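Everything on this sheet refers to the single structure shown next.
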Amino acid sequence: MPQPQLADSISNLDRTPVLEARGLTRRFGGLIAVNNVSFSVNEGEIFGLIGPNGAGKTTLFNLVTGLIHPSNGQMLYQGDEISKLRPHQIAKKGIARTFQNIRLFADLSALENVMIAQHIHTKSGVFTGVLGLPPAPREEQKTRSRAFELLELVGLSDRADEKASNFPYGDQRRLEIARALALEPSVLLLDEPAAGMNPNEKQQLSDFIRQIRQQFNLTILLIEHHVPLVMGLCDRIAVLNFGQLIAIGNPADVKSDQAVIEAYLGTD
Amino acid sequence: MNDFVSTYGFLFVSMILGAMLGLSLYLPLMAGQLSLASPGFYALGGYVAAILSTKVFQVKEPFPIALLLLEMLIAGIICGLLGVIVGVPALRLRGIYLAIATIAFVEILRVLALNLDVTGGAVGIFGIPQPFQSPIEYLWIVLPLLLISMAFVYRLEKIRVGRAFIAIREDELAADSMGINPTYYKALAFTLGAILAGVVGAISAHFLNTWNARQGTFDASIIYLTFVLIGGSRTFLGPVLGGMVFTALPEILRAIADTPGLPVWLAQFLRDGRLIIFGLLIVIGTRFFPQGLVTPQLLKRRSRSQANR
Ligand SMILES: Nc1ncnc2c1ncn2[C@@H]1O[C@H](COP(=O)(O)OP(=O)(O)OP(=O)(O)O)[C@@H](O)[C@H]1O
Ligand SMILES: [Mg+2]
């Protein structure tokens, strides 16, 4: 399989990473959920983030997307600091995410969920919208058909008008991905997208993640507990334990790392 | 017929004004914000019209409709500006804290109105000129305005801005993560409600002929809240119907109280216990009908059963 790794490792030195964490730290009272973490993610990578429960993975995602702000350190996107921005500003820059504990707009239809996420790519205001003046009607039409395409992509277009909360768990996770893609991001953060899926679905999801990286030129950060999926899918993997980065590298190296085996993978 | 009109003309117009006040609470609620500021903006809009028509324009009756429309416009603009000024800081508060802050805002305006000269102090402003011969003729203004505001909110729910409101109501954090600026859209929803309340106030000042500090009170906050909470908070038809029904309710209770043979205490209660009854309705209603009586599901079921026929 052709991998972008080689190209990356050659040009790493002269290219700004898409994302870079510099000494990122986040405290919650006495707890240090993320402790002095530094790493960078290159363009086009599928970058895995693993670690035991409570290791700080979701907290790290929250720091990247502005849901919380770091106690110390910085987060950079394409060389610019984003640690002080608010979530919608970061979304506008091109970073989209899904949530570990699904956060769809539960009472709204699948289609509406995806339409809402095209907010930043549309601009009609109250009066043009209400009166149906240009560019509102065309924009509305485009938003709808784009939402439909994205639902098609994740295989949910036949139930576009159904309420999001009526979908089974796995479909809700797919719907969250469609919603995130509606932002047309360059970086996509997936927080345990395979949780609650059976092995077959997990394999499909893995193929799907590869497909959307290709199709939308994405850089993908992936939190996932299912080790085979992570190892098979990711170009590089970072391992967190008690908020600290204990290993980072390609899957084979991480897999054989002694600290990682002790903290997470276990000896078997 | 003339009797009917003179008895109920006043009530009909009041009901429509009530429906619009319900909508003015519904607008911020679309973005998930429970604001009780409407009576404050209503009072302010009324003072704008009362002051302009008695102190600035000074024309002979009948008061020109064009000037009434101009007053509505000015009241809307002033309330809109104040809505932005008050809304941006107040909307940092959430849920019940926002509700309390907006009640405080209404109180501040009331105390100001009581103590300023321009508002006529405790006495208020009298003899606000009439554009019409009889109350029922106000329908010429309020009915189109109600239809316009209903059409506005109906459309709003289907466009980009309304979707942003609803996304914030559903999950503010998720909406934020999807690129929607919650501060901006909450302030916008709040301001639209403020504008509508102000415009309604401007008409009401003429309609009621006098305007004073009793117009925007805590009582009114509770009553408007009933419009929305019992009428329905998930579709604009809820507050419209709620506003009409609950504006008429005190009149109905008064009519019942007048039936002969009723014990004196009960008749008294029906006449004066308005707020107690509204309070009870809120408690009971929100317990058993958390989304109010008119819900989107109810409307969907109706339209579906009609389609099936
Ligand atoms: N908002 C918060 N307030 C207080 N503590 C928090 C908060 N968010 C996370 N924590 C704590 O920070 C630590 C890291 O949590 P986090 O959710 O990042 O772990 P995780 O690696 O995603 O775990 P899991 O695999 O279970 O999802 C945990 O101890 C958690 O309890
Ligand atoms: Mg997590």
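Among B:Ile195, B:Gly120, B:Val84, whose Cα lies farthest out toward the positive end of the dipole of segment B:2-217, if unit charges sit on the beta carbon of Lys, Arg (+1) and Asp, Glu (-1)? About the Cα centre, the residue reaching furthest to the positive side is B:Val84. Placing +1 on the Cβ of every Lys and Arg and -1 on the Cβ of every Asp and Glu, with nothing else charged, gives segment A:107-184 a dipole about its Cα centre of roughly 200 debye. For A:Leu222, the amide hydrogen comes within under 5 Å of the amide hydrogens of A:Phe47, A:Gly48, A:Leu49, A:Leu190, counting only partners 5 or more places away or on other chains and with H modelled in the peptide plane. Centroid-to-centroid, using Cα positions, segment B:98-115 and segment B:218-238 are 19 Å apart.
A Gaussian network model of chain B, with springs between Cα atoms under 10 Å, assigns the largest mean-square fluctuation among B:Leu93, B:Leu52, B:Leu237 to B:Leu93. Cα extents for segment A:107-184 along the principal axes, largest to smallest and rounded to whole angstrom: 39, 23, 17.
Of the residues B:Met150, B:Met244, B:Met15, the one that moves most in a GNM of chain B with alpha-carbon contacts below 10 Å is B:Met150. From the residues B:Phe152, B:Leu68, B:Gly32, which one has its Cα farthest along the dipole of segment B:6-152 in the positive direction, the dipole being from +1 and -1 charges on Cβ of Lys/Arg and Asp/Glu about the Cα centre? With unit charges placed on the Cβ atoms, the residue in question is B:Gly32. Of all stretches in chain A that contain no trypsin sites (Lys or Arg not before Pro) in a DSSP loop with at most 13 other Cβ atoms within 10 Å, the longest one is A:124-268. Over segment B:75-168, all Cα pairs binned in 10 Å intervals from 0 give whole-percent P(r) values of 12, 24, 36, 23, 5, listed from short to long. The C-alpha radius of gyration of segment A:163-216, expressed as a fraction of 2.2 N^0.38 Å, stands at 1.13. Evaluating 6.51 cos²θ - 1.76 cosθ + 1.60 at θ = phi - 60° for every residue in segment A:84-96, the Karplus couplings come out as 9, 7, 8, x, 5, 6, 5, 4, 5, 6, x, 10, 10 Hz, glycine and proline recorded as x. Taken over the alpha carbons of segment B:2-217 as equal point scatterers, the Debye sum produces base-10 log I(q)/I(0) values at 0.07, 0.11, 0.12, 0.13 Å⁻¹ of -0.22, -0.53, -0.63, -0.73. Given +1 at the Cβ of Lys and Arg, -1 at the Cβ of Asp and Glu and no other charges, the dipole of the protein assembly as shown around its Cα centre is 840 debye to the nearest 20. Note on segment A:141-268: Kirkwood hydrodynamic radius from all Cα pairs is 16.1 Å, rounded to one decimal. Counting Cα-Cα pairs of segment A:53-99 in 10 Å increments starting at 0 gives whole-percent bin shares of 28, 57, 14, 0.
Radius of gyration (Cα atoms) of segment B:1-50, expressed as a multiple of 2.2 N^0.38 Å: 1.49. Each residue of segment B:127-134 is assigned a 3J(HN,Hα), and the resulting list reads x, 5, x, 9, x, 10, 6, 9 Hz, derived from the Karplus form 6.51 cos²θ - 1.76 cosθ + 1.60 (θ = phi - 60°), x at Gly and Pro. Calculated translational diffusion coefficient of chain A (10 °C, 1.306 mPa s; Stokes-Einstein with Kirkwood radius over alpha-carbon pairs) equals 82 µm²/s. Would you please give the FRET efficiency between A:Ala259 and A:Arg27, computed as 1/(1 + (r/R0)^6) with r the Cβ-Cβ distance and R0 = 22 Å, to the nearest 0.05? Once the sixth-power term is evaluated, E becomes 0.40.
Inter-label distance, B:Leu112 to B:Lys158: 3.8 nm, where each label sits 7 Å from its Cα along the C-beta direction. Comparing mean-square fluctuations of B:Tyr97, B:Tyr138, B:Tyr42 from a GNM of chain B with C-alpha springs under 10 Å, the top value falls on B:Tyr97.
With the convex hull of the Cα atoms taken as the outline of the protein assembly as shown, the averaged projected area works out to 34.6 nm². Label-to-label distance for A:Lys163 and A:His69 is 3.8 nm, based on points extended 7 Å past Cα in the beta-carbon direction. Close amide H partners of A:Arg97, meaning residues 5 or more places away or on another chain with modelled amide H under 5 Å apart, are A:Leu189. From the Kirkwood radius over Cα pairs of segment B:2-124, Stokes-Einstein at 25 °C and 0.890 mPa s returns a whole-number translational diffusion coefficient of 151 µm²/s. Of the complete DSSP H runs in chain B, those spanning 30 angstrom or more by Cα along the long axis with a mean Kyte-Doolittle score not below -1.0 are B:2-30, B:65-90, B:95-115, B:182-208. Annotation: amide H of A:Ile246 within the under-5 Å range of A:Val239, A:Leu240, A:Asn241, sequence separation 5 or more or interchain, hydrogens built in the peptide plane. Percent of Cα pairs in segment B:97-255 per distance bin of 10 Å, from zero to the largest separation: 9, 29, 37, 19, 6, 0.
In whole Å, what is the distance between the alpha-carbon centres of segment B:132-163 and segment A:226-257? If we compute the Cα centre of each part, the gap is 60 Å.
Each value in this text was obtained by applying a stated rule to the coordinates, not by laboratory testing. The structure presented is a predicted model; accordingly, all values stated were derived computationally and were not measured. Positions of Cβ are generated from backbone atoms using ideal geometry, with glycine treated the same way; all protein chains shown enter the neighbour counts.
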